[in-house]
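Report on the following structure.
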Amino acid sequence: MDIFVIEDNIFQRERVWKVITQFMTTNQITLAIRQDILTAEQLLKDENLRKGPNIYVLDIDLHERLNGIELGREIRAMDTEGYIIYVTSHDNRLKEIIDEYIAPITFIPKTDDQNLTHEAIKKAFKQIAIREDFRNQKENFFTIQRGSVQKKIPYRDILYFEKIPRSKKVKLYATNGVFTINHYLTQIKKDLTGDQFIHLNSFIINALNILELNLKEDFVEFTNHERLFVGKHSLRAIKKQLIQT
């Protein structure tokens, strides 16, 4: 896994390099920061791009043949599991558009405040570590038992579980369908293993399949672009647990 920083402002690029280097030294992380790759054109020609996942720190406002958003799409086509981090001063509306197509892991504010940059880098590397652990671990399955028939659903395909009111049933929403389970939600919480699940009163949500939290319209958007509308209280709880993971 290599780290690429594509930023045409030399001062901003060196600032990001410095913060990443300090963070890796402090946390004893050994990764190669590819300071030989400075432009989008050089990056797209690099043979390691298809050997990912790599980490890409991209300026949205690149003044090259491709801007940061276009470069992100090119990267995503070649390194489908790569981790994209955007350096941006744009508002949340643009972030939503980028999320929809590229799914960056986080955003770094374009600022002279090194503490803000450090906190954003820290958050990004924490999320990357969680996802790498999940990607490399043995495949886990959730098993639905119906009589003598078992159906196994990989954890990576689970979006969320939802309690059906006034019943001993739960709906499981997955990337390949919706399933009804004859169990209480509390029992399912006990059966699940792994740190990627967020437990709420009426839902269990797979954090690794969350694409966006929309705090204005109160919904969670998943990687398949399905939306789950929840109340503001639940959305705040989800956001809090995401920050803590």
TODO: Would you calculate the separation in nanometres between label points at Glu41 and Thr180, each defined as 7 Å from the Cα along the Cα-to-beta-carbon direction?
DONE: 6.1
- [ ] Among DSSP beta bridges whose residues both lie in the chain, state the antiparallel percentage, nearest 5.
- [x] 65
- [ ] Would you mind computing Rg(Cα) / (2.2 N^0.38 Å) for the stretch 141-244, counting N as its residues?
- [x] 1.04
Task: Of all DSSP beta bridges in the stretch 2-136, antiparallel share, percent nearest 5 - done: 0
Task: GNM top mover of Arg15, Arg156, Arg65 - the chain, alpha-carbon springs below 10 Å - done: Arg65
Open item on the list: Under the 0.36 nm per residue contour assumption, what length would be gained going from the current alpha-carbon distance of Gln150 and Asp61 to full extension?
Closed with: 27.0 nm
Open item on the list: On C-alpha positions alone, give me the angle between the axis of helix 92-101 and the longest principal axis of the chain, in degrees, nearest 10.
Closed with: 80
Task: Sites matching GluC sites (Glu not before Pro) across the stretch 167-245 that sit in DSSP coil, with at most 12 neighbouring C-beta atoms within 10 Å - done: Glu217
Open item on the list: Between helix 10-26 and the chain, what is the angle of the helix's C-alpha long axis to the longest principal axis, kept within 0 to 90° and rounded to the nearest 10?
Closed with: 60
Task: Cβ-defined net charge surrounding Leu185, 11 Å radius [Lys, Arg +1; Asp, Glu -1] - done: +4
- [ ] Check the straight Cα-Cα distances from Lys240 and name the lysines below 20 Å, setting aside those fewer than 8 residues away within the same chain.
- [x] Lys95, Lys122, Lys123, Lys126, Lys189, Lys216, Lys232
- [ ] Among Gly231, Gly68, Gly52, determine the one that fluctuates most according to a GNM of the chain built with springs between C-alpha atoms less than 10 Å apart.
- [x] Gly231
TODO: Go through the stretch 160-174 residue by residue and turn each phi into a ³J(HN,Hα) via Karplus (6.51, -1.76, 1.60, θ = phi - 60°); whole Hz please, and just put x for glycine and proline.
DONE: 6, 10, 10, 6, 8, x, 6, 7, 9, 9, 9, 9, 9, 9, 10
Open item on the list: What is the sum of charges, Lys and Arg at +1 and Asp and Glu at -1, for the other residues whose Cβ falls under 15 Å from the Cβ of Val230?
Closed with: +2
Open item on the list: Give me, ordered by chain and number, the residues 5 or more places off Val87 or on other chains with an amide H under 5 Å from its own placed amide H.
Closed with: Leu58, Asp59, Ile60, Ile108
Open item on the list: Can you compute the equivalent ellipsoid semi-axes for the chain, i.e. the square root of 5 times each eigenvalue of the Cα gyration tensor, sorted largest first and rounded to whole Å?
Closed with: 36, 19, 17
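Each reported figure results from applying straightforward, stated rules to the coordinates on display, with no laboratory input. The structure presented is a predicted model; accordingly, all values stated were derived computationally and were not measured. Heads up, the Cβs are rebuilt from the backbone with ideal geometry, glycines too, and the neighbour counts pull from every protein chain shown.
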